[in-house]
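Asker: What follows is a structure written as C-alpha cells; I'll ask about it next.
The values are calculated or read from the model by the stated rules, or taken from the named source; none is laboratory data. Just so you know, these numbers come straight off a predicted model, no measurement behind them. Here the Cβ positions follow ideal geometry from the backbone for every residue, glycine too, while neighbour counts run over all protein chains shown. Accessible surface is based on the protein model in full, side chains and every heavy atom, while ligands, DNA and RNA are left aside. Shrake-Rupley method; radii C 1.70, N 1.55, O 1.52, S 1.80 Å.
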Amino acid sequence: MLSGYQSNSRMAFMNSEKLEQARKYETEYLKNADESDRPMLHATGTVGWINDPNGFSMYRGEYHLFYQYHPYTTFWGPMHWGHIKTKDFIKWDRLPVAIAPDTDYDEKGCFSGSALELEDGRQLLMYTGVHFDEHQQQCIAFGDGVNYEKYKGNPVIPTDAIPEGHHLIDFRDPKIYQKDNRFYMVAGSRTEDGSGSIVLYESENLKNWNYLGILDRSDNLLGKMWECPDYFELDGKQVIITSPQDMIPLDAKWHSGNQTLVLIGTGDGKANFRRQSAEPIDFGMDFYAPQTLLTKDGRRIMIAWMQSWDTCNVGHENRDWFGQMSLPRELSIVNGKLYQSPVRELEQYYTDSVEKSALYLENEKSESFDLGLVYDMTLNIRPKKEMLRFALHIGEQGPYKTTLTYDAITQSITVDRSLNAIRREIPTHRSFGVESLNKLRIIKDINSMELFVNDGAQTCSMMLAEPDGKLTVSMEVVGAVECDLISHNIQVN
Ligand code: FRU
C-alpha cells in the first residue's frame, strides 16, 4: 500500500507552516513505516487518526480519496485532509496531506467535504472551515492532485449567508456536483426544530452561491444533525444519503446513536426532491459518513468510514494509526430498494478457492473450513423441510469468535461479536429483519467483516479483533438446509 509521494505540479503553491509540518511528520513516519499491521483490503490513513471519507472523486483518470485526518495522534484532533488515490479501489497510493487548518476561517479544523475535476484541469476541494468561534463556513481550494491553494476569498458561504433559522455551528460537509452547466452543493444543517436537514445551493462560478432551499429534513424523527449528505441519481431515482446523529429508534430497523440513512425519491436532481422511502444503509456497528462517486463506466461507488463515533475510542493503544474505510461498494436500485455489492475489481485479487457444493446439514454443526486470512465467501442457502435457525461461526471460541444467526421465526439476522477480544463495552450485537435467507456473502479482512445479505439487499459491517492466525468457519443448523460454499482467498501486495 505504500508508495512514494510524487508531485506533478505545474501550478505554484505556497504551503503554510502547518501543512509543511504535517507533511514532514508523514515523511519521517514513512521512512521506517511497517504496514504489516494494516488491513489488506481496506484503505487506512498514513499515520494517526482518520474518520470520514472526503473528496471521493475522479481526477485525471484516477480515483482520489481524501479523509478527515489528525496525523499526530490516534485520536480526533484539529482536522487536516489526508490523501490517497487508486486505479482499482483496492490498491491505494499514498499522497501527502492535502490541506491543514492554517487560516483564521478553518483554524478549528478543515471538516468534511468533496472534490471535483474542473474543465480547466484543476481539482477543486470544497470543505467546511471551522472558525475559531466554532462557526462552520464553506470554503474552497484549487489544486493539481497533490498540492492545493485555498481560495483567497474564502469562505465562499460565510456565516452571514446561512439562511435564517439554521444553526451557525451545525452547517457542514458540502458535497458538490455539476448539472446542466451549473454547480450544485448539498450540505447538512440543523434547523429551528433542532433536527437535521439537507440544504441545496447553486453556483455559476464556485465563488458565489445561492441558497435554493431544504431538500429533506428529519423533523426530529430520524435523528438530530444530519451529517455528510450526498445527492445523486441512480437507476431512475433520486437518492440522498446522510448520516444522522443521536438517532432514537422508531422501530427495530434503527438503532440508537450514529446511523446511516438512504432516502430514495423522485425529482430533477435539483430542489424538488420528493421522498418515497427512508432506510438504514448498513446495519453494522462500524459504518458511517459514506460518500459516493461515479466511475468512468457509469457505476455509482460508495465508501464509508468503517467505524462509528459510538465505537471509535477503543483499541488503538498500541498502534500509530487508527481508522479505516469500508470496501468501496457498487450501488443499484431494484424495485425501489438500495442494493450494495463489493466493487467488482476485487475479483482481480482472488487466489485459491474453496468450494463445497450441496452440503446437507440437519440439526447439526458442519465441519470447520479453513478459508484463509482474507477472503470473499458466498453461501447459497436452500432451506429443506423446515429450517428454523441457520448460524455461521467465524472462529470457534472466544476471544476470536463472531456468529451470525438467521432466525426463521423472528425473520431476522443477529450478528454477535461479543466473543471478540475487545476491552471496552461497545455495541456487540445487531439484529435486522430479513424475510427469507438465500445468500450470504462475507468479505473478511484481517480485522473486519462486511456482510452482504441476499445479493446486497442488506449489509452489516463491523470491526473485529485481530487474531494471531487464521480462523475457521462453520455452519450450524436447527432444521435442515442444503448449501453451497464458494470462497476466494484474496492477496493484495
Ligand atoms: C462526521 C463528522 C462531520 C464533520 C467531521 C469532523 O463524522 O462529524 O460532520 O465534518 O466528522 O471530523
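Asker: Counting other C-beta atoms within 10 Å, and keeping those with at most 16, which DSSP coil trypsin sites (Lys or Arg not before Pro) do you find in region 408-493? If you can, show how the numbers build up before the last one.
Answerer: Details: sites: R417, R423, R424, R430, K439, R441, K444, K470; in loops: R423, R424, K470.
When the trypsin sites (Lys or Arg not before Pro) of region 408-493 are filtered for loop state and at most 16 Cβ neighbours within 10 Å, R423, R424, K470 remain.
Asker: Can you tell me the length gained on complete extension of the stretch K385 to N318, counting 0.36 nm per residue apart and subtracting the Cα distance?
Answerer: Working: separation 67, 0.36 × 67 = 24.12 nm, distance 5.02 nm.
Answer, rounded to one decimal: 19.1 nm.
Asker: A follow-up question, please. What part of the accessible area of region 1-156, given as a whole %, is carbon or sulfur when the probe is 1.4 angstrom? If you can, show how the numbers build up before the last one.
Answerer: On the way: 3010 of 5790 Å².
That fraction is 52 percent.
Asker: Suppose all protein chains stay in the model; what accessible area per residue would a 1.4 Å probe give for the chain, in Å²?
Answerer: 39
Asker: To continue, here is another question. Using the basic label-point model (7 angstrom from Cα toward the beta carbon), what is the L234 to D246 distance in nanometres?
Answerer: 2.8
Asker: Work out Dmax and Rg for region 242-370 from the C-alpha atoms and quote the Rg first, both in angstrom.
Answerer: Rg, Dmax (Cα atoms, Å): 18.9, 56.
Asker: Would you please calculate the Kirkwood hydrodynamic radius of region 1-111 over all C-alpha pairs and express it in Å, rounded to one decimal?
Answerer: Details: mean 1/r = 0.0691 Å⁻¹.
In region 1-111 this quantity evaluates to 14.5 Å.
Asker: With a Cα-only, solvent-free Debye model of the chain, what are the log10 I(q)/I(0) values at q = 0.13 Å⁻¹?
Answerer: Scattering profile of the chain, log10 relative to I(0): -1.25.
Asker: Per-residue HN-Hα couplings for region 485-490, Karplus 6.51 cos²θ - 1.76 cosθ + 1.60 at θ = phi - 60°, whole Hz, x for Gly and Pro?
Answerer: For region 485-490, the Karplus curve yields 10, 10, 10, 10, 5, 10 Hz.
Asker: Calculate one ³J(HN,Hα) per residue across region 347-360 by plugging θ = phi - 60° into the Karplus curve 6.51 cos²θ - 1.76 cosθ + 1.60, and present them in order as whole Hz with x for glycine and proline.
Answerer: 4, 5, 9, 5, 10, 5, 9, 10, 9, 10, 9, 6, 6, 9
Asker: Output the 0 to 90 degree angle, nearest 10, between the alpha-carbon long axis of helix 17-32 and the longest principal axis computed from the alpha carbons of the chain.
Answerer: The helix 17-32 is inclined about 30 degrees to the chain.
Asker: Report in % the part of the accessible area of region 389-469 that belongs to carbon and sulfur, leaving out ligands and nucleic acids; probe 1.4 Å. Mind showing how you got there, number by number?
Answerer: Numbers: 1420 of 3270 Å².
Using a 1.4 Å probe with all protein chains present, region 389-469 comes out at 44 percent carbon and sulfur.
Asker: Given H placed 1.01 Å from N in the peptide plane, which residues other than close sequence neighbours of L419 have an amide H under 5 Å from its amide H?
Answerer: For L419, whose amide H was placed from the backbone, the distant partners under 5 Å are K401.
Asker: Then there is this: Step by step: find N for region 275-338, compute 2.2 N^0.38 Å, then divide the Cα radius of gyration by it. What's the final number? Kindly include the intermediate steps, with their values, before the conclusion.
Answerer: Working: Rg = 14.7 Å, N = 64, 2.2 N^0.38 = 10.7 Å.
Scaled against compact globular proteins, the figure is 1.38.
Asker: Can you return the lysines within cross-link range of K444? Criterion is Cα-Cα under 18 Å, with same-chain partners fewer than 8 residues away left out.
Answerer: K91, K401, K470
Asker: Follow-up. Label E466 and E396 with points 7 Å out from Cα along Cα→Cβ: what is the distance between them in nm?
Answerer: Here the answer is 2.4 nm between the modelled labels.
Asker: Bin by bin, in steps of 5 Å, what percent of the Cα pairs in region 439-493 do you find, going until the bin that has the longest distance?
Answerer: Answer for region 439-493: a P(r) of 4, 13, 22, 26, 20, 11, 3, 0, 0 percent.
Asker: By the scheme Lys and Arg +1, Asp and Glu -1, what is the net charge of all other residues having a beta-carbon under 14 Å from that of A100? Let's see the in-between values first.
Answerer: Values: positive: K18, R23, K24, K108, K150; negative: E17, E20, E26, D102, D104, D106, E107, E149.
Summing Lys/Arg as +1 and Asp/Glu as -1 gives -3.
Asker: Now a separate question. In whole Hz, what ³J(HN,Hα) sequence does region 160-172 give by Karplus (6.51, -1.76, 1.60; θ = phi - 60°), x for Gly and Pro?
Answerer: Rounded to whole hertz, the list is 6, 9, 6, x, 4, x, 9, 5, 6, 9, 9, 8, 7.
Asker: Then there's this: Please work out the C-alpha center-to-center distance from region 25-64 to region 224-248 and express it in whole Å.
Answerer: 25
Asker: On to the next question. Keeping the other protein chains in place, figure out the carbon and sulfur percent of the accessible area of region 298-347, with a 1.4 Å probe. Show your work: numbers first, answer last.
Answerer: Numbers: 710 of 1790 Å².
So the carbon and sulfur contribution to the accessible surface is 40 percent.
Asker: Once you have the Cα-Cα distance between A12 and K87, take 0.36 nm times their residue separation minus that, and quote the gain in nm to one decimal.
Answerer: Difference between extended and current length: 24.4 nm.
Asker: Please list D193, D170 from largest to smallest accessible area, probe radius 1.4 Å, with all protein chains kept in place. The partial results should precede the final answer.
Answerer: Values: D193 60, D170 20 Å².
Sorted descending by solvent-accessible area, the residues read D193, D170.
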